[in-house]
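Colleague: One structure coming up, written as structure tokens, with questions to follow.
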Amino acid sequence: MTTAVERCTLPVISHVVDLISKGKLKKTYLQFAYDLMEIMCVQLNPAGKVYEAVVCQPMKFIEPHPALLATLFTLRSKGKLLFLVSDYNREYT
């Protein structure tokens with residue numbers, strides 16, 4: 001699944017990483033990660049309001065990935081063990 005926020009932010013993150021790689025942006029990847037965390041977690045999500053909205057109406061913010069279910073069943077049928085790692089709050093995941 002992909003959230004609407006991820007769909008918007010991934011191209012921007014990729015572009016910034018590219019700029020850092022080419023030396024066009026004078027930041028380290030770690031500095032960029034801290035900047036991104038500050039913007040996404042503190043400035044855009046004061047007091048957890050974004051998570052609250054997503055938990056109340058998840059289908060408004062989350063787009064199902066058409067191939068995900070089939071992929072998971074295929075992996076399971078081949079004996080693969082899967083686990084989810086997330087930095088989101090427990091209620092959100």
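Colleague: I'd like to verify a number: residues in region 16-29 that are in contact with a helix residue (DSSP H, G or I) (Cβ under 8 Å, 6 or more places away or on another chain) and surrounded by 12 or more Cβ atoms within 10 Å (Cβ to Cβ), how many?
Modeller: Count: 5.
Colleague: Just to confirm my filter: which helices (runs of 4 or more DSSP H) fall fully inside region 30-89 and include at least 1 residues that are at pLDDT below 80 and surrounded by 12 or more Cβ atoms within 10 Å (Cβ to Cβ)?
Modeller: Helices (runs of 4 or more DSSP H) meeting the threshold: 49-56, 58-61.
Colleague: What number goes with the only condition from (1) at pLDDT 75 or above; (2) surrounded by 10 or more Cβ atoms within 10 Å (Cβ to Cβ) that Val5 does not pass?
Modeller: It fails just one condition, (1).
The values are calculated or read from the model by the stated rules, or taken from the named source; none is laboratory data. Small disclaimer: the values here were computed from a predicted structure and weren't measured. Every residue, glycine among them, receives a Cβ derived from its backbone with ideal geometry; neighbour counts consider all protein chains shown.
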